[in-house]
Every structure is written in C-alpha cells, then in structure tokens.
Amino acid sequence: MPDINMTEGAYNYAYLDEQTKRMIRRAILKAVAVPGYQVPFGGREMPLPYGWGTGGIQVTAAIIGRDDTLKVIDQGADDTTNAVSIRRFFAHVADVATTTRTEEATIIQTRHRVPETPLKDGQILVFQVPIPEPLRMLEPRETETRTLHALSEYGVMQVSLYESIARHGRIAKSYSYPVQVNGRYIMSPSPIPKFDNPKLDRSPALQLYGAGREKRIYAVPPYTPVKSLDFDDHPFEIERWTECCAFCGSTESFLDEMIVDDAGKRLFVCSDTDYCEGRR
Amino acid sequence: MSHPEKSCEDPTMPPALRVSGLSKSFVVHAHGDLALPVLHDVSLAVSPGECLALVGPSGAGKSTLLRSLYGNYRADAGSIRVRQDDAWTELVGAEPRTVLDVRHRTMGFVSQFLRVIPRVAAVDVVAEPLLRRGVEATEASHRAEFLLGMLGIPARLWALPPATFSGGEQQRINIARSLIVDYPILLLDEPTASLDAANRDGVVELICQRRDAGAAVVGIFHDTGVRDAVATRIHEVLPPASPAGAPPCVAKPS
Amino acid sequence: MSAATLPSPLLSARNITKRFGGRIACHNVNFDLWPGEVLGIVGESGSGKTTLLNCLAGRLTPDAGSVIYETASAGTVDIHRLSEARRRLLTRTEWGFVNQDAREGLRMGVSAGANIGERLMAVGARHYGEIRGSAADWLARVEIDADRLDDRPTTFSGGMRQRLQIARNLVSGPRLVFMDEPTGGLDVSVQARILDLLRGLVERLHLSAVLVTHDLGVARLLTHRLMVMQGGAVIEEGLTDQVLDDPQHAYTQMLVASILPV
C-alpha cells in the first residue's frame, strides 16, 4: 500500500479542500445547535456516486484528524466491500489509524446500524443518510415540509402512523422509524432498524447525520432526548427474536437471518460483527 | 263596510304590530325600469287578541302588504314596528339578523304555498321550529304529531316527505309548521285556500284559539265564512289608483 | 336561525379589494357576519365571489382592507396580520373550508378514518382507539357506511368524498365554515343529499358559514343572508328570501328570472 503523498498535485488532507471542510464544519455547528434540524450544505463531488455514502464521507472528512481512530461499518459489519473501501479511503487520505473495535474508535461511520456496544463520551457516530426528510413520503413538496418543520405542524406524521395501525393492526414501520429530538424537530434516524432507536436517546456520543445526494446535515448532541413516535395505546416496541446468535449465543443484539443451504436452513447471527466476535 | 271610520284600535291593549306610512313599488328593470306602485302610505295597528282581515280586490296588494310585514318584500318607505321585549323593533331598513330574530321569536307566517324542503318527513318539517328553539327532539315530535292529528293529517303520512302530498295536505303541513310555536304575531296568507270544508273548520278553530289566547293576527281570507269566523276587524287594501281618500280602517260590525 | 344580540360580529370584512394585475377581482366589500348566520355569496363566473371567499379565509391576501375575526378565547384578530403559524392553526381548529373539489380538501392516499382524525392528531390527540372512535362517529354523522372507515377516498364516489371532506372539517368543532360551491359538479340527487346534510349540521351545530354558489336554489335552502356580486362589486344584499323574492337591482332580477323552472 503506497503511503499518502502530500506533494503538490496530491489530495488535500482528508480529500476535501480546507474551505469545504470549513463550510461543512459550520453546517455541523449549526446542526448541533439546533438538534434534529436539517441544515443544507454545499455537497461536493466525491469519488463515489450518490447512494454510496457520500454524505457520511463528507462529514467524516470534515471532522477527522491524525489523532483519530476510525471504524466503518455497513449494516453492522466491518468486512463488507463498502465498509472496507471507505476505511481504506480514509487511511490513505487522512493518515489515520483504523479499527474494527467499537471501544477503540473515536469516529464511527455507519450505514444503517448503531453498534451494540454502548458508546462513550467523546465518540462520534456519523450516519449515512439516503433521505433526510422524515415527511418526504407523506408530503412531496420541499417548500411545504420546510414550513411544517418550522411551524411544528407534525399532524401528517401522526396520520401516517395511524394509517399503519389501520392497515396492519400495529405500527409496521421497522426502519427509518421517525423520532422527535429534544421535544422539537421530527427527524429520520436514517434506515437503522427501530431496534436501534433507543440507543439514540441521551447517548453520550455525538450523532452526526450526512445526506450527500440531498445535501443536508443534521445532528443530535450528546445526552439529548430522542423519542420514537407512537400512540398512547400503541406504544413503541423494538424487535425481538426467539432465537439467539448461532455464533456467540447473544439474546440481546440485532440478529440477521441467513439462509445457509438449498434446503432453506436458517441461521440467526449478530449483525454487529465486532460485538459478536468480542463475545466468542 | 260602506262607512269608513277613523282609527278604531282598542285603547286598552298596546298594539303588537304598528305600521305607518308604508309604501312600496316594484321596479321591473327588464322592461325599461317600469315602476309598479302597489302600496301607498299604508297605516294600521293590530293588538293582541285581534284578528285583522285584509280585504280588497284581487291585485290590490294584500299579499304584498303581508309579505312586507314579514320582511319578505322590501318596503320603500314607512315604518313597520313589532312589540318585542317590551320595546318596539323597527323592521324597515333593519339588519337581516334583526328580522330573523323577530321571525324566530315573535312573528309567524303562513304562506299560501308550502315551500317544500325536499326529503324531510312531514313530522320533522313541522317540528323544526321547536327544535330551533331548543325543545328536545322527542317532545318536539310529539307536539308536531299532535298538531298534525288536529289538522286531520293521517298518521301514515307523518314519516313521509310532503312533496307528494295533495295541495290541501301540504297546506295543512304549512299551517302546522307555522302554528306549532306560539307566536305573538301571526300573518296568514289565504291559509284555507286549498282545504275542504271539514279541514277548513279545523284550521279556523286553531286560528281562533290563538287569537283568543292573545296573538295578534293579520290575514287574507278569501272565503267570507272563514273571515267572519276569525276576524275582529277589517282593513281595506285598495290599489294605489283608488279614489278613496280616507284611511280604510273599519270596525267589523258585530 | 337565532340571531344573537352579542355585541360583536364573528367575522367582519372591511373594504376588501383584490386585483390581479390591472383587473379588479373584488372591490370594497364590506359586511359583518354574526354567530349562527349563514351568508351566501352568489354571482356568475367572474363575479369575484371565489376571490372574495379566499380573501376572507386567509388563502389570498387582499390588496386593501381587512378581515377581522372574533376568536373563541383570544379576542379579535386581523387575519392577514397574524403570523402564518397562528393563521394556519386557526384554519385547522376554529375554521373549516369545504372545497368544490373534495380532492383538494382530502388526503387521497390515506384512509377515511385518518382523514377525519388528522385535525385531532394535529392538536395532540395520541390515543389511536379514541381517534378512531371519533372518526367513526363522524362518518356516521355524514351518513357514510361505518365499514368504509379504513378505505381510501380514491375508492369513494364524488358525493361520498364531499361528505368525507365535510366530516374532516367539522371534527375539530369549528365555529366558522367557508364553502366554495360545495355541491358543484355532483349529480342532482347526490347534491340534494349533501344539501340536506349541510342544512342539518349547520342547524344542529349552530355553525356560522360563508357559502359561495352560483346556484340560487342552494342559496335559498342553506343561507339566511345573501350578497349578490357582479364584476367584483356587491350589487345587492339582504335576507335571502327577500333578495330572491323581491330583487331590487336589475342584475339580481335578471338572475332570479333566469332560474329554470322544474
């Protein structure tokens, strides 16, 4: 692996130029100051297309420094192609240490999961977000959703939950489950399973959310209340399994269901690879 | 009625309705703003317990006068005052809500034709004025049914909308609706016009009851028999071109 | 039809004027609406009646004049001087607006129950069973079958959609309802049923309403007072039965004479 070459013509530190990083940091500051509020930012061309984590990468690039230790997970796994690519990208352009161990990371960039291991004060969780607007499916107009957020008019969100109960007998939304942050803004926590929603509530870590295609950044500062929406008589519930992890025996983590042979034999395995390995 | 006399109001009872200087023309704009004068300087007063019959040739303006009293036609000049809450309420030039209030509490009108509210059962048509006054629904229905019975409407028709009823039946629904509330002032426009003799008597009875209970009644009665039975006084309405000069109020010879 | 003797009107329009470019849509309209009154605005196409209605309901900002509303518990407000947040809240709680095309006043993609329940949820109702119960209650009041509660309005007929729109508006107990040709475009028999429904609801709930229509029969049935508009101006006004039975203005006389006899 060639070392990073900082001579002229090579990449700036962490790939983005300093002005861009400054702009993104300003957006992040604003986002932290108004928890759950979507801040528009000037997203840049990244060396991978939309839908592959450009938002998360830009946020990470803006905050990362040589003293950081970076972990990247994709659906909980450190070893998928995308997680490996992004980790190697930052190893090259930011000259940082990388790890698969949650406790050792200072920055964790994630696609669609929150690590099982509880996070600590000082850690930053960077989420990759496809659609930042939680009301988008209910209200297609951007002008209208901005107004709804500004005026706290969230009836339409409650309507969609009512509709789910009317149609399925319960709130059927199982990922991207909407939450209310700090009693004010309604936010999409990115497509994490609703299983992970409780981990966001008053987490000691800083949560940053980056959407590259939509060019929005939002944040939840440490120890902020994050409440999943529900009805009084249909309270929020997380998923549960009757099985335990086939590798480590965990009954507390989010399990992936895998079909392992043509006869349809199933295995349930921890989605969080680091957590699973740590228990074996 | 050949010797018109001056004012013959009963001095012991203050009038319930007082009209003075009432004038009205119709202006038909489609025909070059043709003006048709109908009422000119009409004055009258009616006291509780009286029934004033409007008489005069066809087209003289009797119906126009009655409708003007109710606010259905707009007066050009003059004054129509009703006694309400121990005070006079002026209707000429009044705001719509004032007229609506008077119609709601004080003045009832039996028109010549039932304006059929479609699809509403006869008993509900009759009960509606009571419901509007806050009378409870079953009570209102019972009183409506009682009145319908008194007027000879068979029970099997009570739940049907009156649109398919005969003219006589519709007229009795009309009367019931207007008389279910004890209005202090009653305006009746040919109330028995489409009724047969038996039903006519029932209506006459009802009108006399109201009159004797203190209502001030003004009516147009085509049938002299009916008029003689209910009216206590006559008021002659003449077309504006009439040669009569003196006020046409005449006491009914008893 | 009880005309109250309250000291102040529910809604006051003062000198409402609205232009579109050089064209005057409505000009110097003044009136007071009292609690329990239904005011009809009639006129032909282009008379300005819909523009006026939209100015009154806060949907359009007039170029001149003001609309003053007496709120339930916060005194009088100038509708167009309110913050957008307050005005939107007002329209969702104390006011209703029934559009001619029910699709504009409904969420076509969610069930009837969700449509009716929305206003309740918008002001904080969080018990699914209770919201559903209220929605079912209102469905019955507008005479839609109870088993349609979970069906979407895309599966409803035009008349049913209109009744659903009415229920959606009335669930929050509004004091003032604006209606723009509420029975326009519907079959005659369907119109009739909806007129009956509106008549009944207005009476029973003591609603005040401003109703725009070109149909004098609808005006006769539903309204207490009438304003006749022509070319943006109010050319005649008064008690409905008086305006229709004894029209004074040439245009009103022409309108009344134009009604087709049945």
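The values are calculated or read from the model by the stated rules, or taken from the named source; none is laboratory data. None of the values given here were measured: they were computed from a predicted structure. Neighbour counts run over all protein chains shown; Cβ positions are idealised from the backbone, glycine included. Each accessible area value is taken on the protein alone, full model and side chains, heavy atoms only, with ligands, DNA and RNA left out. Shrake-Rupley method; radii C 1.70, N 1.55, O 1.52, S 1.80 Å.
Within the stretch A:140-154, residues that are more than 10 Å from chain C (Cβ to nearest Cβ) have Cβ atoms under 6 Å from residues that are part of a loop (DSSP other than H, G, I, E, B) and modelled with pLDDT of 95 or more in these pairs: A:T145/A:E133; A:T145/A:L135, counting only partners at least 6 apart in sequence or on another chain.
Just one of (1) away from chain B (no Cβ under 14 Å); (2) part of a helix (DSSP H, G or I); (3) modelled with pLDDT under 95 fails for C:D147. It is (3). State whether the residues of the stretch C:42-59 include one that is polar (S, T, N, Q), surrounded by fewer than 22 Cβ atoms within 10 Å (Cβ to Cβ) and farther than 20 Å from C:G231 by Cβ. No; the residues of the stretch C:42-59 include none that is polar (S, T, N, Q), surrounded by fewer than 22 Cβ atoms within 10 Å (Cβ to Cβ) and farther than 20 Å from C:G231 by Cβ.
In the set C:G117, C:G124, only one residue is surrounded by fewer than 17 Cβ atoms within 10 Å (Cβ to Cβ), of a type in the set (G, A, S) and under 30 Å from C:E70 (Cα atoms); that residue is C:G124. If only residues of the stretch B:178-237 that are closer than 16 Å to B:V110 by Cα and among the hydroxyl-bearing types (S, T, Y) are counted, the one that is most open to solvent (accessible area, probe 1.4 Å) is B:S194.
Screening B:M107 on (1) under 16 Å from C:D241 (Cβ atoms); (2) within 10 Å of chain C (Cβ to nearest Cβ) shows it passes everything except condition (2). Of all the residues in the stretch A:103-118, those that are surrounded by fewer than 18 Cβ atoms within 10 Å (Cβ to Cβ) and under 17 Å from the mean Cα position of the chain (by Cα) number 2. In the stretch A:218-226 there is no residue matching the filter, namely being more than 15 Å from the chain's Cα centre (by Cα), within 14 Å of another protein chain (Cβ to nearest Cβ) and at pLDDT 95 or above. For the condition open to solvent by less than 40 Å² (accessible area, probe 1.4 Å) and at pLDDT 95 or above, B:V82 qualifies.
Does C:Q248 count as surrounded by fewer than 22 Cβ atoms within 10 Å (Cβ to Cβ), polar (S, T, N, Q) and outside any helix (DSSP H, G or I)? Taking the combined requirement at face value, the residue satisfies it.
Within the stretch C:157-168, if we keep just the residues that are out of contact with any strand residue (DSSP E or B) (no Cβ under 7 Å at 6 or more places or on another chain) and open to solvent by less than 10 Å² (accessible area, probe 1.4 Å), the residue that is nearest to C:T93 (Cα to Cα) turns out to be C:A167. Close Cβ contacts (under 8 Å, 6 or more residues apart or on different chains) running from residues in the stretch C:184-208 that are in contact (Cβ under 8 Å) with a residue 24 or more places away in the chain to residues that are among the aromatic types (F, W, Y) and open to solvent by less than 60 Å² (accessible area, probe 1.4 Å) comprise C:S208/C:W34.
Just one residue in the set C:R107, C:R126, C:R92, C:R88 is in contact with a strand residue (DSSP E or B) (Cβ under 7 Å, 6 or more places away or on another chain), at the interface with chain A (Cβ under 10 Å from one of its Cβ atoms) and closer than 29 Å to C:T154 by Cα; that residue is C:R126. Cβ-Cβ contacts under 8 Å between residues 6 or more apart (or on different chains), taken from a first residue in the stretch B:23-35 that is facing chain C (nearest Cβ under 10 Å) to a second residue that is of a type in the set (D, E, K, R) and open to solvent by 60 Å² or more (accessible area, probe 1.4 Å), are listed as B:K24/B:R74; B:K24/B:D76; B:V27/B:D33. Of all the residues in the stretch C:234-250, those that are more than 7 Å from chain B (Cβ to nearest Cβ) and polar (S, T, N, Q) number 1.
Evaluate the following for C:V218: is it aliphatic (A, V, I, L, M) and within 20 Å of B:P129 (Cβ to Cβ)? No. Hey, any hits in the stretch C:206-216 for a residue that's under 22 Å from C:R59 (Cβ atoms), outside any helix (DSSP H, G or I), touching a His at 6+ places or on another chain (Cβ under 8 Å) and more than 12 Å from every other protein chain (Cβ to nearest Cβ)? For the stretch C:206-216, residues under 22 Å from C:R59 (Cβ atoms), outside any helix (DSSP H, G or I), touching a His at 6+ places or on another chain (Cβ under 8 Å) and more than 12 Å from every other protein chain (Cβ to nearest Cβ): absent.
On the stretch given as the stretch B:129-151, residues that are in contact with a Lys or Arg (Cβ under 7 Å, 6 or more places away or on another chain) and either more than 14 Å from chain C (Cβ to nearest Cβ) or under 20 Å from C:V218 (Cα atoms) (or both) total 1.
When you scan the stretch A:162-169, do you find a residue that is outside any helix (DSSP H, G or I) and either at pLDDT 95 or above or within 14 Å of chain C (Cβ to nearest Cβ) (or both), even just one?
Within the stretch A:162-169, the subset outside any helix (DSSP H, G or I) is A:169.
Now drop any that are not either at pLDDT 95 or above or within 14 Å of chain C (Cβ to nearest Cβ) (or both), which leaves A:169.
Yes, some residue in the stretch A:162-169 is outside any helix (DSSP H, G or I) and either at pLDDT 95 or above or within 14 Å of chain C (Cβ to nearest Cβ) (or both).
Just one of the numbered conditions (1) at positive phi; (2) within 14 Å of chain C (Cβ to nearest Cβ); (3) of a type outside the set (D, E) is not true of B:V120: (1). Determine whether A:S176 is out of contact with any Asp or Glu (no Cβ under 9 Å at 6 or more places or on another chain), more than 14 Å from every other protein chain (Cβ to nearest Cβ) and not aliphatic (A, V, I, L, M). Yes. Just to verify a result, which residue in the stretch A:196-228, among those that are closer than 22 Å to A:R22 by Cα and of a type in the set (D, E, K, R), is surrounded by the fewest Cβ atoms within 10 Å (Cβ to Cβ)? Checked the stretch A:196-228; the qualifying residue surrounded by the fewest Cβ atoms within 10 Å (Cβ to Cβ) is A:R213. Filtering the stretch C:169-189 to residues that are open to solvent by 40 Å² or more (accessible area, probe 1.4 Å), over 25 Å from C:S47 (Cα atoms) and either in a helix (DSSP H, G or I) or at pLDDT below 90 (or both) leaves only C:S189.
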